[in-house]
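Enquirer: Sharing a structure with you now.
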Amino acid sequence: MPRLKLLLVLVPTLLAGCALRQSRGIYRLSEINSQYFLLSPDAATSQGDHQTLRIPRSRTGENPKGGPAIDCSIKGPWFSFYPAPRNEPQWIAETPSAAAWEKSSGAIDMKDQWQSFERALHQVQQRQCFASRDEYLSAQQRIAASLSAPAADTLFYRYAYGPGGYIDLAPGMQLRIERDFFSSHSSGQPRPADYQGTTITNYEISGNAESGTALKLLGVEKRSTALTTPGSTSSDASLATQFAAAPRLRLFLLNLVVSDNVKNPAILIGASTKEGLNEATHTIESDPGISCNSLLRWQVTCALFDGLVTVSPMLEVVVNGKPTYIPIGSRLWFIIPRVTNSQQATLTRTLRVERRFQGRLVGIKIAANSDELSQLLLFGGDRISWSKTVEAKK
């Protein structure tokens, strides 16, 4: 009997310890002074204005050709990166805590700070501080995944999706090209009576972050009126071949310049490195109406989607065990069903959201109310589930 009593005492203690460890290994949506932040699992390392993470390192940073040691450090006011002391085989990265991020709001452009840090990290890679390009990319992605950033900005740090009007295509996405055809089309608004149909061309984005991405044609669907069949645009279906040698892909979305009544079409560019994309990006940003011929000097592959066409990057998420593609920018509120008041309690109790972190799925702690459900932007690979007894309102 004394042994049984001892076990009964120990079990709750062990369970409490497990719960504590698990609480540190989750994402958490948190409101700080009326602004929502998505705290990463690394937020538990926060001390003051910074959170710190350690990243495995293949070598200790001596000059591989002999001579003085290479400077492999980045010291910035918000983002820092440097070798661990005493030649430990680790990198140390420091990023802003959510509290520091909130305090700097309105005074510091953190997106600009992040892009400056990315450029500095690339310079560290050019100094041969990393044992391989894979190690450099792995460190870059690890740091991006650790950020405890404003919830509204999370797609920028994951996919570069934000103020620039572009997005970096990543494995797990699909690219959808929807083109409308009319029997007569001029610079003016096409007439509904002249509509012939639509083609929808779908690509899978395959590969991985280290080796790069590749386009795989999934198929072309034609939707026509009863009397006509839409034409075809062979360029829409030949992107996989055109971009075969360009493992880094960036899509500039359709942009409407209201002041000049100008529509700048979507542009897809590809390069061998992200730095090559950035060089071409600066040119496009200075001249949004640029042509692909004007980008040849940057050694990028380019496709311009002119005409009545919409190009949409789609993210794959898993909803109740079923893979589903949603437009980038979709929020959790878009995914969950609208339910009756009597079902709301069941939905709240059983709703689960998981996201990949360091190669494994971790939970996202979120209150199942309309405020928080509308704040969480979904990433590719997210898993969302709820009880099968909950049915959407008809």
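Enquirer: Please specify each residue of the stretch 305-330 satisfying the condition of being of a type in the set (S, T, N, Q) and either in contact (Cβ under 8 Å) with a residue 12 or more places away in the chain or open to solvent by less than 30 Å² (accessible area, probe 1.4 Å) (or both).
Expert: Of everything in the stretch 305-330, those that are of a type in the set (S, T, N, Q) and either in contact (Cβ under 8 Å) with a residue 12 or more places away in the chain or open to solvent by less than 30 Å² (accessible area, probe 1.4 Å) (or both) turn out to be Thr310, Ser312, Asn320, Ser330.
Enquirer: Right, next: Within the stretch 222-263, how many residues are part of a strand (DSSP E or B) and either at pLDDT 60 or above or exposed (fewer than 11 other Cβ atoms within 10 Å of the Cβ) (or both)?
Expert: 11
Enquirer: Here's another thing I want to ask about it. So which helices (runs of 4 or more DSSP H) are wholly in the stretch 98-150 and hold at least 2 residues that are among the basic types (Lys, Arg)?
Expert: 110-126, 133-146
Enquirer: Still on this structure, please answer the following. What strands (runs of 3 or more DSSP E), lying completely within the stretch 339-394, carry at least 1 residues that are out of contact with any strand residue (DSSP E or B) (no Cβ under 7 Å at 6 or more places or on another chain)?
Expert: Where strands (runs of 3 or more DSSP E) fall fully within the stretch 339-394 and carry at least 1 residues being out of contact with any strand residue (DSSP E or B) (no Cβ under 7 Å at 6 or more places or on another chain), they are 352-357, 360-365.
Enquirer: Hey, does the stretch 6-18 have a residue that's of a type outside the set (Phe, Trp, Tyr), at pLDDT 90 or above and open to solvent by 40 Å² or more (accessible area, probe 1.4 Å)?
Expert: The answer is no, given that none of the residues of the stretch 6-18 is of a type outside the set (Phe, Trp, Tyr), at pLDDT 90 or above and open to solvent by 40 Å² or more (accessible area, probe 1.4 Å).
Enquirer: Here's something else I'd like to know. Could you check how many residues of the stretch 118-158 are hydroxyl-bearing (Ser, Thr, Tyr) and open to solvent by 10 Å² or more (accessible area, probe 1.4 Å)?
Expert: Filtering the stretch 118-158 down to residues hydroxyl-bearing (Ser, Thr, Tyr) leaves 132, 136, 138, 146, 148, 154, 157.
Still in the list and also open to solvent by 10 Å² or more (accessible area, probe 1.4 Å): 132, 138, 154, 157.
Result for the stretch 118-158: 4.
Enquirer: Would you confirm whether any residue within the stretch 106-117 is in contact (Cβ under 8 Å) with a residue 40 or more places away in the chain, open to solvent by 10 Å² or more (accessible area, probe 1.4 Å) and closer than 12 Å to His50 by Cβ?
Expert: No.
Enquirer: Continuing with the same structure: Given the conditions (1) farther than 18 Å from Thr201 by Cβ; (2) crowded, with 18+ Cβ neighbours inside 10 Å; (3) β-branched (Val, Ile, Thr); (4) touching a strand residue (DSSP E or B) at 6+ places or on another chain (Cβ under 7 Å), and given that Thr273 satisfies all but one, which numbered condition is not satisfied?
Expert: (2) is the only condition that Thr273 fails.
Enquirer: Still on this structure, please answer the following. Could you check the stretch 50-70 and list, in sequence order, the residues that are open to solvent by 40 Å² or more (accessible area, probe 1.4 Å) and modelled with pLDDT of 90 or more?
Expert: His50, Thr52, Arg54, Pro56
Enquirer: May I pose another question? Looking at Phe334, Phe357 in this structure, which one is among the hydrophobic types (A, V, I, L, M, F, W, C) and touching a residue at least 60 places away in the same chain (Cβ under 8 Å)?
Expert: Values: Phe334 fails: touching a residue at least 60 places away in the same chain (Cβ under 8 Å).
Selected residue: Phe357, the only one of Phe334, Phe357 that is among the hydrophobic types (A, V, I, L, M, F, W, C) and touching a residue at least 60 places away in the same chain (Cβ under 8 Å).
Enquirer: To continue, here is another question. Contact list please: Cβ distance under 6 Å, first residue in the stretch 286-302 and closer than 21 Å to Ala244 by Cα, second residue open to solvent by less than 30 Å² (accessible area, probe 1.4 Å) and of a type in the set (Val, Ile, Thr), pairs at least six apart or on different chains.
Expert: Partner pairs satisfying both residue conditions: Val300/Ile269; Cys302/Ile269.
To keep it simple, each residue is scored yes or no on (1) among the polar types (S, T, N, Q); (2) touching a residue at least 60 places away in the same chain (Cβ under 8 Å); (3) surrounded by 13 or more Cβ atoms within 10 Å (Cβ to Cβ).
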position	(1), (2), (3)
Ala345	no, no, no
Thr348	yes, no, yes
Val362	no, yes, yes
Ala368	no, no, yes
Glu372	no, yes, yes
Asp382	no, yes, yes
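Enquirer: Kindly list, by first and then second residue, each pair from a residue in the stretch 39-57 that is in contact (Cβ under 8 Å) with a residue 40 or more places away in the chain to a residue that is part of a strand (DSSP E or B) and hydrophobic (A, V, I, L, M, F, W, C), limited to pairs with Cβ atoms under 7 Å and residues at least 6 apart or on different chains.
Expert: Pro41/Phe357; Pro41/Val362; Asp42/Leu53; Thr52/Ile92; Leu53/Ala93; Ile55/Trp91; Ile55/Ala93; Arg57/Trp91
Enquirer: Here's a follow-up. Which ones in the stretch 301-312 are under 18 Å from Thr199 (Cβ atoms) and part of a strand (DSSP E or B)?
Expert: Taking the stretch 301-312 first, the residues under 18 Å from Thr199 (Cβ atoms) are 303-312.
Those that are under 18 Å from Thr199 (Cβ atoms) and part of a strand (DSSP E or B): Ala303, Leu304, Phe305, Val309, Thr310, Val311, Ser312.
The values are calculated or read from the model by the stated rules, or taken from the named source; none is laboratory data. All of these numbers come straight from a predicted model, not from anything done at the bench. As a convention, Cβ positions derive from the backbone with ideal geometry for all residues, glycine included, and neighbour counts pool all protein chains shown. These accessible areas exclude ligands, DNA and RNA; they are computed on the full protein's heavy atoms, side chains included. Shrake-Rupley method; radii C 1.70, N 1.55, O 1.52, S 1.80 Å.
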